[in-house]
Amino acid sequence: MYRASLAGLGYNISEAPSAESALEQFRTRKFDVAILDLKMPGMDGLELLAKMHELRIATPVAFITAHGDVPNAVRAMELGAIDFLPKPPTPEQFRDVVKDILLRHSAPLNVEAIRDFDYYLRSAKRAINLRDFTKANKHLIKALDINPASKQAINLVSVMLEMRQEFEQSARTSRI
């Protein structure tokens, strides 16, 4: 179903029958985006993301989650995943999240781009994925200046703060 959602859009799509197989592909090839399910054969999606994080595989990840996966979604965010799709996603939702991730990570954001709410939110997500929390904070402030009631931006602030704290703690531990 996911392959069919992207058919005809010019993407080079790879599939893996298990998380272990996906990890092998990540070790040998660079991917622009990975779509993971929390429930996967063998190693689950969180374990795969943790392994990717450990191996410094920087592929942006989107998770497909069921409504009851809130604790798992929080853990996925701590590991760097900030894009989520409800299970089962519609083809349009699936295409939109893939397009957004590719737009955010395929090239530096255009200096001439329209500086609207979506621009700042996309820029903040990119900075969070790259662990540039200072830049993410600046973009989130600008996004909230435009739309102070945005639940998405407010939630992203919380995610960024948790990730930054864990990242800084990990950096201090590795220096010891």
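The values are calculated or read from the model by the stated rules, or taken from the named source; none is laboratory data. All values derive from a computational prediction rather than experimental measurement. Counting neighbours? That spans all protein chains shown, and the Cβs are built from the backbone with ideal geometry, glycine included.
Quick notes
- Among the candidates R131, R122, R95, the residue that is of a type in the set (K, R) and part of a loop (DSSP other than H, G, I, E, B) is uniquely R131.
- Candidate set from region 138-168 (those that are surrounded by fewer than 17 Cβ atoms within 10 Å (Cβ to Cβ) and touching a residue at least 40 places away in the same chain (Cβ under 8 Å)); member that is farthest from M77 (Cα to Cα): E166
- Any hit, region 64-79, residues being farther than 19 Å from S150 by Cβ, at pLDDT 85 or above and of a type in the set (A, V, I, L, M, F, W, C): yes
- Residue match in region 36-44 (condition: of a type in the set (A, V, I, L, M, F, W, C) and touching a residue at least 40 places away in the same chain (Cβ under 8 Å)): yes
- Test: residue in region 165-176 that is out of contact with any Asp or Glu (no Cβ under 6 Å at 6 or more places or on another chain), at pLDDT 80 or above and among the charged types (D, E, K, R): no
- Taking the criterion of being in a strand (DSSP E or B) and over 10 Å from V33 (Cβ atoms), the residues of region 83-92 that qualify are F84, L85, P86.
- Output for region 106-137, where each listed residue is touching a His at 6+ places or on another chain (Cβ under 8 Å) and either exposed (fewer than 14 other Cβ atoms within 10 Å of the Cβ) or modelled with pLDDT under 80 (or both): N129
- For region 37-58, a residue qualifies if it is at pLDDT 90 or above and closer than 18 Å to Y2 by Cβ, and the qualifying residues are L48, L49.
- For S14, the stated conditions do not hold, so it cannot be described as under 14 Å from K99 (Cα atoms), among the polar types (S, T, N, Q) and touching a helix residue (DSSP H, G or I) at 6+ places or on another chain (Cβ under 7 Å).
- Qualifying position, being in contact with a Gly (Cβ under 6 Å, 6 or more places away or on another chain) and either buried (at least 18 other Cβ atoms within 10 Å of the Cβ) or not in a loop (DSSP other than H, G, I, E, B) (or both), among L36, L49: L36
- Single residue of region 1-33 satisfying the filter (over 17 Å from P89 (Cα atoms) and among the charged types (D, E, K, R)) that is surrounded by the most Cβ atoms within 10 Å (Cβ to Cβ): E20
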